[in-house]
Each structure stands twice: as C-alpha cells, then as structure tokens.
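K.L.:
Below is the structure I would like to discuss, written out as structure tokens.
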Amino acid sequence: MSDAVTLERDGTVGVITVRNPPVNALSQAVRQGLKDCVSAAAADDAIEAMVILGDGRTFIAGADIREFGKPMAEPGLLEVLDMIEGSAKPVVAAIHGTALGGGLEVALSCHYRVAVDSGQVGLPEVKLGLLPGAGGTQRLPRVVGPQMALEMIVSGNPIRARKAVEVGVVDAIVDELQAGAVAFAAAKAKAGGPHPVISADDSKVKGTDPKLFAEFRKSIEKRARGFFAPWRCIDCIEAACTLPFAEGMKRERELFEQCMNSPQRKGQIHAFFAEREVAKIPDVPKDTPVQPIASAGVIGAGTMGGGIAMNFANAGIPVTILDSSQEALERGLSIIEKNYANSVKRGGMSQAQADKALGLIGRSQSMDDLGKADVVVEAVFEEMELKKKVFGELDRVAKPGAILATNTSTLDIDEIASATKRPEAVIGTHFFSPANVMRLLEVVRGAKSSKETIATAMDLGKKLRKVSVLVGNCDGFVGNRMLNPYTREAAFLVEEGATPSQVDKAIYEFGFAMGPFAMGDLAGLDVGYRVRKAREGKRDKAMRYSPVADRIVEMGRHGQKTGAGYYRYEEGSRTPVPDPEIEKLIRDTAKELGIEQRQVSDEEIVERLVYALVNEGARCLEEGMALRASDIDVIYCNGYGFPVYRGGPMFYAQEVGLDKVLARIQEFQAVHGDLTWKPADLLVEKAKGSGRWDS
Ligand code: 3HC
Ligand code: NAI
C-alpha cells in the first residue's frame with residue numbers, strides 16, 4: 001500500500017486517511033491508495049464500517065490539476081468511486097477544510113457525509129473550464145434537486161457545512177472530525193442496511209420541468225457569455241433529470257472530454273496557477289515578517305477612498321476615513337451607506353453584516369487621528385505636490401512601523417516617498433475602480449520599499465480578498481501602461497476606417513467585458529484629456545497622434561456622465577448608442593490628416609489591440625516591471641476584463657504562437673513605423689527561441 005492513503009482500525013471502524021499535501025488532491029497514488037484501502041477494509045472481518053478523511057488542512061480538494069492533459073494513469077477515479085459506493089459496509093466521508101470537485105465526488109459516492117462546522121463543499125470545476133467528471137453532475141442533483149445543483153455547479157462556488165446540511169449534502173455536523181465520524185459510522189453499521197446509495201435514488205430529479213433549464217440558461221446568458229463549460233454543466237444536469245444514472249454518466253463523460261479538450265480549459269487552468277504564482281516574490285521570501293494590520297486609515301473620501309475604506313471594513317478591520325473637505329467627507333460616507341444598502345437589497349450581505357461593516361468606518365478631518373493606524377492608504381487628487389504634502393504630514397503623525405501607501409495611478413512612488421523620512425515604509429497600492437468590487441490590486445514597489453513593507457502590502461491584499469500583483473514603479477505601472485498602446489491603436493483604427501462601435505463589438509466578441517470606446521465613456525474622457533494636456537510638452541511629436549479624443553472632450557462630451565462621449569446615451573441610460581455626429585467627426589479628422597479610410601476587418605481590430613498589449617507587456621517583463629508573464633495575465637483578467645478563458649494576453653499570445661504574433665507585429669511595423677510597432681526585444685528573443693515566456 002502507498003503512503004498516500006492508509007488504513008487503520010478504530011474499534012470496528014476502518015479509518016482511511018488521505019495524505020497528499022498540500023490539499024490531498026486525487027493523484028494516481030491517492031486513487032490507487034483509496035482502492036487498496038477500501039478493498040482491504042471490505043475484506044477485514046473486524047471492520048464493520050469505513051470513514052474516509054483527509055490529513056492536514058483539508059479533505060480532498062479535487063482531482064490533481066497538474067495531471068490534466070496527460071494520459072490518465074490507472075485506476076481511474078470512476079472505478080474507485082464505484083467501489084466505494086458498492087461497498088456492503090457503510091462508508092462515511094468526514095469533511096474538514098474543503099471537499100471540492102473530485103473530493104466532493106468521492107464524498108457523494110460514500111453512503112454518508114459528516115463535516116465539522118468550518119467545512120465547505122463545492123464543485124468548482126467550471127472555474128477551470130471543466131465540469132464535474134466523476135459523477136458530480138449526476139449525483140448532486142439526486143441529493144439537492146436540480147435547482148440547487150444548477151446553482152452550485154454552474155457558479156462553482158462552495159457552500160458552508162450548515163448550508164450543506166440544510167440542502168442534504170451533509171448528514172450531520174460533528175465537533176471532532178475523526179471521533180465524530182467514527183461514532184457516526186459505527187452507529188450506522190449497528191443499525192444495519194440498506195445504506196443510502198445516491199445513484200440509485202431518482203426521487204429528487206424525476207419529473208423535473210424542462211422549463212427550469214431553459215430559464216436557467218437564459219439567466220446566465222450575460223455572465224457566462226463566451227464560456228464553454230457552464231453550458232455543458234447545464235446539459236449534464238438536464239441529463240441527470242431525464243436519463244437513467246448509467247446513461248447520464250455516459251453523457252457526463254462525453255461532455256467532460258469536450259471541456260478537457262477545449263482551449264478554454266488550458267486558459268482557465270493557466271489563470272488558476274497564475275493567481276497562485278503571484279504571491280511568490282524571489283527576493284521577498286515567504287518567511288519575511290508581515291506586520292499585523294489591526295486598524296487602517298484612508299485619506300480622501302472620493303471615488304476611490306470610499307471603496308478602499310469599504311474593503312477594510314468588509315475584512316473586519318476598523319478604518320478611519322479622512323477628507324480635508326467636510327462636504328466631500330459627508331458625500332463619501334453617504335455613498336458608502338448607499339452601497340451597503342444596495343448590497344443588502346441585492347442579497348449580497350445581511351443587514352447585520354452591513355451594520356457591522358458600517359460600524360467599523362470612522363470619520364475624521366484631522367491627520368492626528370491616523371496616528372494609531374497600522375496602514376494608511378492615501379487617495380487624494382492625482383497631484384504630486386498635494387501627495388507630497390499629505391505624505392509629509394502623514395510621516396509626522398503615523399506610528400513607527402505603519403505602512404504608508406498611495407493609491408496613485410500615475411505618479412512616481414519614489415518622489416512621493418521622498419516627502420517622508422521613512423521611504424522604506426512607503427509603497428503603492430493601486431486599487432481599481434470600483435475599489436470595493438474589483439479584485440485586482442497592483443502593489444507598486446518603490447526603490448526603497450522594504451521587504452517587510454512589500455510582504456505586508458501583498459498580505460493585506462489577501463486579507464482584503466484581492467489578488468495582489470507586485471509591479472515596478474514606472475509610468476502607468478503595468479496595467480495602465482499596457483492600456484496606453486491599446487487605446488492608441490483603437491483611436492488609429494477608427495481614423496483608418498473602422499467605427500467606434502465596430503471596434504468595441506470586435507473586442508467584445510473576442511471576450512473582453514467592454515470595448516475601449518465604451519470603457520472610455522464609462523471612465524470619463526476628461527480624465528485622459530487632462531493627463532494628455534499636462535504632458536503635451538513631453539510628447540514625442542514624431543509619433544502619430546490622434547486628436548479625435550481631444551476634440552470629443554472639447555465638444556463637452558465627457559462620456560456617460562455628460563450623456564455623450566464616443567456614443568450618445570439616452571436620458572438615464574448606460575446603453576451606448578452609435579452617433580453619426582462622431583462618425584462624421586472621425587471621417588473629417590482622417591481627411592484632414594490625409595488618412596485614406598478603408599474597410600478594416602474585425603480580425604485586424606483584435607490583432608492590433610491585443611498585440612499592442614502583448615508587445616508592451618513584453619517590455620514590462622524585459623524591464624522587470626512585472627515578475628512573470630503570468631502576473632500580467634492576472635492583472636488583465638482581474639482588472640481589465642480580459643476573458644479569463646483565454647488565460648490573459650501573454651498566455652493567449654503564447655497559444656497563438658509567439659513567432660506568429662511577432663510576424664504580425666512586424667507587418668504592422670512595416671506599415672505604421674517603428675515608433676508605434678517596434679517589437680519588444682524580449683518578444684523577438686522568445687519568438688525565435690523557446691516560444692514560451694518562461695523559458
Ligand atoms: N491539484 C493540484 N494542485 C492543487 C490543487 C489541485 N486540485 N488545488 C490546489 N493545489 C495547489 C496550489 O497550486 C498550491 O500550490 P503551490 O503552493 O505550489 O502554489 C497549493 O495547492 C495550495 O493552494 P492554494 O494556495 O490555493 O491554497 P488555499 O488554502 O488558498 O486554497 C483550495 C485551497 C481552496 C483547495 C484551493 O487551492 C482551490 O480552490 N483548489 C482548486 C480546487 C478545485 O478546483 N478542485 C477541482 C479540481 S478538478 C476536478 O476535481 C475534476 C473532477 O471532477 C474529475
Ligand atoms: P476624487 O477626486 O474622487 O477624490 C479625491 C478626494 O481627496 C476628494 O474627496 C478630496 O476632497 C480629497 N482631498 C483632496 N486633498 C486632500 C487633503 N489634503 N487631505 C484629505 N483629503 C483630500 O479622486 P479619486 O478618483 O478617488 O482618485 C484618488 C486617487 O486614486 C488618485 O490618485 C487617482 O489617480 C487614484 N485612482 C483613481 C482611480 C479612478 O478610477 N478614479 C483608479 C485608480 C486610482
């Protein structure tokens with residue numbers, strides 16, 4: 001028998017323990033071990049019942065994702081599950097931590113399931129571009145009914161033990177995992193069979209109204225747009241309700257294979273591992289001391305400050321929000337209150353949770369009130385002199401060891417840090433708008449930021465339920481820096497003959513949440529305008545420049561907030577309506593610039609925009625502004641609406657073929673010149689070498 005799974009006797013109960021750190025994934029050794037232990041327990045006359053549990057921090061968290069894409073080594077999981085379910089002796093799954101994916105499928109093939117209160121169960125395969133492929137789509141609906149199964153499998157979100165008891169996935173909560181499960185199993189053995197076999201019970205699925213599936217498909221149209229797996233999950237659950245178990249299993253296998261072979265699976269699994277890689281910083285080892293964060297301050301109660309304060313409160317960290325303007329402070333707090341009220345209304349949060357969070361937000365107009373905070377995030381206007389003044393004052397009041405963070409989106413962190421006597425404690429925490437919603441946090445490392453400061457800021461992101469990515473201190477950091485050539489190409493494309501709506505549609509169909517023009521209108525066109533005007537003197541005049549955006553702003557069209565930008569917006573509506581006036585403005589501008597308009601294909605639009613991101617991304621890597629290509633992917637999928645099923649721009653380019661991407665960029669270079677399309681050296685090197693960013 002392997003060490004990965006062991007069998008021991010506890011009275012009359014055989015305790016089968018899975019030991020495959022860190023998350024007890026179902027590797028070949030675990031599958032083989034389970035098979036061996038279950039058959040040994042079945043053959044042992046002294047054993048009357050079995051308990052399966054996980055050693056360490058969790059029950060089984062699923063199939064071993066690292067084995068995907070390789071030929072499956074025997075025994076297959078289905079064979080193991082059939083054996084468990086077919087056991088004449090009752091088998092009890094004892095759940096702590098997370099029983100996820102294949103882990104929950106193991107538990108569902110057991111006759112009973114018990115869990116400790118903190119346990120969670122779920123089928124998150126859809127998040128990896130897959131569906132539960134070991135009977136999960138057939139067994140779960142037979143336990144919880146089709147509606148709940150649809151919600152759990154299509155969202156991929158786990159549920160807590162108490163809820164699992166309520167819906168029938170878990171039979172009982174136990175105080176002590178092993179002792180409780182053993183006592184439960186012994187009692188079931190004593191009571192005698194037959195023991196429940198989920199696959200044999202159709203009562204919850206029989207006679208399901210087919211309308212349920214049609215309605216569910218409709219309800220996810222928007223959020224599952226472009227994704228492959230969610231739709232296949234629904235097909236499988238529908239099969240569970242219309243076909244006998246064995247045939248439903250066949251259908252599940254078929255559709256699982258389709259998902260496994262889909263490029264989306266590769267992209268989503270890349271995104272999964274990329275999110276785990278971001279925490280690894282070569283010169284800031286895992287054991288770097290992290291400062292405890294028990295209280296926080298936020299300076300500036302505007303758009304960003306309010307959202308940032310909510311993040312702290314949601315994580316249970318008391319936060320004081322400060323603004324120099326009484327009016328701004330009142331406004332900021334009333335927006336926070338409204339946001340919480342909306343969360344309660346939409347069911348995202350209970351009234352008690354909202355009240356608790358609100359109770360953690362204090363207000364102030366005096367810097368001295370931030371003296372006790374462990375971290376202070378500054379979010380005042382984007383002006384260097386103002387930020388330096390604020391940091392100077394903060395330096396005076398903040399306690400030793402406090403982290404002084406700035407939410408600047410464009411300014412030099414080192415210059416801001418120079419206003420303090422402790423630049424080692426200064427760091428950028430670049431939140432994305434709306435800050436209480438968006439998952440991305442760019443942690444911007446200054447030249448003097450200490451390792452403790454970096455480790456603490458990264459850890460803080462985790463506490464705030466963000467995904468933190470460490471980036472370098474350059475203009476636009478990584479995300480916005482890459483966005484620059486992207487939006488620039490969008491502007492050039494319309495001058496060359498595309499319309500804003502064609503560009504937006506092409507990139508939306510590629511899978512982005514929104515096209516560049518709709519995004520500009522949403523963010524406010526005046527923001528970019530002010531930045532461009534401030535930098536006018538520094539602009540390289542030899543470089544092609546599109547005046548279209550400036551002209552639109554000068555017409556008073558600042559985007560959605562003024563009811564018009566690149567598009568028109570009907571009174572109170574956020575739906576962009578193409579505007580012939582703007583299309584004419586673009587045509588006239590092109591004429592004036594001597595640009596001959598032509599038919600631009602959707603394919604060219606996608607290539608020009610996405611490869612512009614990739615080329616700049618390669619430069620960020622080359623300059624060490626991003627640690628890994630996969631970090632850039634995390635930034636783009638979590639902060640910029642890049643379709644996660646394509647893995648991120650850098651992964652996407654690698655899948656297309658870096659040589660092909662380079663060849664296309666060279667074609668653009670031949671037409672548009674070196675200033676906009678010179679390929680990054682790193683792209684050239686990798687395209688001619690391994691074809692991969694990481695080797
Ligand atoms: N296979 C292989 N490695 C896995 C894994 C898995 N299923 N789940 C996690 N890991 C690895 C992570 O990559 C990470 O490795 P690293 O330390 O080298 O970076 C390590 O385990 C710890 O993971 P986390 O950092 O994510 O630890 P957390 O404690 O934050 O979270 C978790 C634990 C909730 C289990 C989370 O890792 C998770 O959600 N894992 C994925 C679960 C999942 O998707 N299961 C379904 C798999 S598909 C399947 O089962 C198919 C079946 O239906 C046939
Ligand atoms: P905002 O204009 O909405 O809010 C700024 C707030 O700072 C105002 O309430 C103002 O009264 C307050 N303030 C000004 N001077 C102050 C002082 N000396 N002391 C205390 N409060 C003061 O600005 P917004 O959009 O929230 O931006 C804040 C920062 O976040 C900027 O650095 C911006 O670049 C950055 N950022 C903005 C994003 C956005 O989408 N709005 C996204 C990411 C970063």
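The values are calculated or read from the model by the stated rules, or taken from the named source; none is laboratory data. Not measured: the values here are computed from a predicted model. Because the Cβ atoms are built from the backbone with ideal geometry, glycine has one as well, and the counts that use them run over all protein chains shown. Note: accessible area is taken over every heavy atom of the protein model, side chains too, but ligands, DNA and RNA are not part of it. Shrake-Rupley method; radii C 1.70, N 1.55, O 1.52, S 1.80 Å.
K.L.:
Can you find even one residue in the range 208-218 that is under 26 Å from Lys127 (Cα atoms), open to solvent by less than 80 Å² (accessible area, probe 1.4 Å) and among the basic types (Lys, Arg)?
P.N.:
Yes, the conditions are met somewhere in the range 208-218.
K.L.:
Consider Ala542 against the criteria (1) over 21 Å from Leu609 (Cα atoms); (2) of a type in the set (Gly, Ala, Ser); (3) open to solvent by less than 20 Å² (accessible area, probe 1.4 Å); (4) touching a residue at least 40 places away in the same chain (Cβ under 8 Å): it satisfies all of them except one. Which criterion is unmet?
P.N.:
Among (1) over 21 Å from Leu609 (Cα atoms); (2) of a type in the set (Gly, Ala, Ser); (3) open to solvent by less than 20 Å² (accessible area, probe 1.4 Å); (4) touching a residue at least 40 places away in the same chain (Cβ under 8 Å), Ala542 violates only (3).
K.L.:
If you don't mind, another one. Filtering the range 308-331 down to residues that are near ligand 2 (Cβ under 8 Å from one of its atoms) and surrounded by 23 or more Cβ atoms within 10 Å (Cβ to Cβ), which residue is farthest from Val375 (Cα to Cα)?
P.N.:
Asp323
K.L.:
While we're looking at this one, here's another question. How many residues are outside any helix (DSSP H, G or I) and open to solvent by 60 Å² or more (accessible area, probe 1.4 Å) if we restrict to the range 344-359?
P.N.:
Here the count works out to 3.
K.L.:
Ok, one more. Would a scan of the range 135-142 turn up a residue that is within 10 Å of ligand 1 (Cβ to nearest atom), within 22 Å of Asp235 (Cβ to Cβ) and hydrophobic (A, V, I, L, M, F, W, C)?
P.N.:
No, the conditions are met nowhere in the range 135-142.
K.L.:
Working carefully through the options Thr575, Thr589, find the one that is open to solvent by 20 Å² or more (accessible area, probe 1.4 Å) and hydroxyl-bearing (Ser, Thr, Tyr).
P.N.:
Thr575
K.L.:
Turning to a different aspect of this structure: Out of the residues in the range 94-121 meeting the condition of being open to solvent by less than 10 Å² (accessible area, probe 1.4 Å) and of a type in the set (Val, Ile, Thr), tell me which one is nearest to ligand 2 (Cβ to nearest atom).
P.N.:
Val121
K.L.:
Could you check the range 294-304 and list, in sequence order, the residues that are within 8 Å of ligand 2 (Cβ to nearest atom) and within 18 Å of Ala398 (Cα to Cα)?
P.N.:
Answer for the range 294-304, where residues must be within 8 Å of ligand 2 (Cβ to nearest atom) and within 18 Å of Ala398 (Cα to Cα): Ile299, Gly300.
K.L.:
When only residues in the range 265-306 that are closer than 19 Å to His430 by Cα and touching a Phe, Trp or Tyr at 6+ places or on another chain (Cβ under 7 Å) count, which is surrounded by the most Cβ atoms within 10 Å (Cβ to Cβ)?
P.N.:
Result: Ala296.
K.L.:
While we're here: If the requirement is being in contact with a strand residue (DSSP E or B) (Cβ under 7 Å, 6 or more places away or on another chain) and in contact (Cβ under 8 Å) with a residue 40 or more places away in the chain, which of these qualifies: Thr410, Thr406, Thr420, Thr429?
P.N.:
After applying the criteria, what remains is Thr429.
K.L.:
Only residues that are open to solvent by 20 Å² or more (accessible area, probe 1.4 Å) and of a type in the set (Gly, Ala, Ser): list them for the range 647-666, please.
P.N.:
Passing the criteria: only Ala663.
K.L.:
Based on what the data block shows, is Glu125 more than 20 Å from Gly33 (Cα to Cα), among the acidic types (Asp, Glu) and within 7 Å of ligand 1 (Cβ to nearest atom)?
P.N.:
It is true that Glu125 is more than 20 Å from Gly33 (Cα to Cα), among the acidic types (Asp, Glu) and within 7 Å of ligand 1 (Cβ to nearest atom).
K.L.:
Quick check on the range 238-252. Is at least one of its residues within 16 Å of ligand 2 (Cβ to nearest atom) and at pLDDT 95 or above?
P.N.:
no
Quick grid of which residues meet (1) open to solvent by 40 Å² or more (accessible area, probe 1.4 Å); (2) in the same structural domain as Ala161 (by TED's automatic domain parsing); (3) in a strand (DSSP E or B); (4) among the aromatic types (Phe, Trp, Tyr):
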| residue | (1), (2), (3), (4) |
| --- | --- |
| Thr17 | no, yes, yes, no |
| Asn24 | no, yes, no, no |
| Val30 | no, yes, no, no |
| Leu53 | no, yes, yes, no |
| Leu78 | yes, yes, no, no |
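K.L.:
Of the residues in the range 546-570, how many are outside any loop (DSSP other than H, G, I, E, B) and open to solvent by less than 20 Å² (accessible area, probe 1.4 Å)?
P.N.:
Qualifying residue count, the range 546-570: 7.
K.L.:
How many residues, within the range 453-487, are closer than 24 Å to Leu609 by Cα and in a helix (DSSP H, G or I)?
P.N.:
Counting residues in the range 453-487 that are closer than 24 Å to Leu609 by Cα and in a helix (DSSP H, G or I) gives 9.
K.L.:
Turning to a different aspect of this structure: In the range 113-168, which residues are in a helix (DSSP H, G or I) and closer than 24 Å to Gly647 by Cα?
P.N.:
If the condition is that a residue be in a helix (DSSP H, G or I) and closer than 24 Å to Gly647 by Cα, then Pro124, Glu125, Val126, Lys127, Leu128, Met152, Ile153, Val154, Ser155 are the ones that fit.
K.L.:
Same structure again: List the number of the failed condition for Gly103; all other conditions in (1) near ligand 1 (Cβ under 8 Å from one of its atoms); (2) out of contact with any helix residue (DSSP H, G or I) (no Cβ under 7 Å at 6 or more places or on another chain); (3) part of a loop (DSSP other than H, G, I, E, B) hold.
P.N.:
Status for Gly103: all satisfied but (3).
K.L.:
Scan the range 293-311 for residues that are free of Cβ contacts under 8 Å to residues at least 60 places away in the same chain and either within 16 Å of ligand 1 (Cβ to nearest atom) or of a type in the set (Ser, Thr, Tyr) (or both) and jot them down.
P.N.:
Of everything in the range 293-311, nothing turns out to be free of Cβ contacts under 8 Å to residues at least 60 places away in the same chain and either within 16 Å of ligand 1 (Cβ to nearest atom) or of a type in the set (Ser, Thr, Tyr) (or both).
K.L.:
A follow-up question, please. State yes or no: is Gly528 assigned to a loop (DSSP other than H, G, I, E, B), under 32 Å from the mean Cα position of the chain (by Cα) and at pLDDT below 95?
P.N.:
no
K.L.:
Can I ask one more? From the list Pro124, Pro194, Pro146, Pro158, exactly one residue is open to solvent by 10 Å² or more (accessible area, probe 1.4 Å) and at pLDDT below 95. Which is it?
P.N.:
Pro194
K.L.:
Now for a different question. Looking at this structure, is Phe213 at pLDDT 95 or above, in a helix (DSSP H, G or I) and away from ligand 1 (no atom under 16 Å from the Cβ)?
P.N.:
Taking the combined requirement at face value, the residue satisfies it.
K.L.:
Give the residues of the range 650-680 that are part of a helix (DSSP H, G or I) and touching a residue at least 60 places away in the same chain (Cβ under 8 Å), sorted by residue number.
P.N.:
Across the range 650-680, the qualifying residues are Phe651, Tyr652, Glu655, Phe668, His672, Leu675, Thr676, Trp677.
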